[in-house]
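**Q** Starting off with a structure, shown below.
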Amino acid sequence: MTFEEIKAAALALDAEGKKRVVCELLPAIWPAIVTDQTCLEFMRKLVDEESVRQYQEEHMDSI
């Protein structure tokens, strides 16, 4: 498969399928991408600080 075919297939998945891609596929390829600083910076940007803050407030910082 080409990258574009893989991308199209992933985008066509339902929410559960997309979650599986993140939870199962990302960890499998992580060792190959952590050597690229640009990729790591992009991944950090994907973490929305507001979402993290809201989660922490809702869960009282795991108290």
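The values are calculated or read from the model by the stated rules, or taken from the named source; none is laboratory data. All figures in this text were calculated on a predicted structure; none of them were measured in a lab. Note: ideal-geometry Cβ built from the backbone for every residue, glycine included; neighbour counts use all protein chains shown.
**Q** Out of the residues in segment 24-63 meeting the condition of being surrounded by fewer than 10 Cβ atoms within 10 Å (Cβ to Cβ) and of a type in the set (A, V, I, L, M), tell me which one is modelled with the lowest pLDDT.
**A** Step by step, filter segment 24-63, then rank; the result is I63.
**Q** Next up: Filter segment 6-63 down to residues that are more than 12 Å from the chain's Cα centre (by Cα) and not in a helix (DSSP H, G or I), then give me how many there are.
**A** 7
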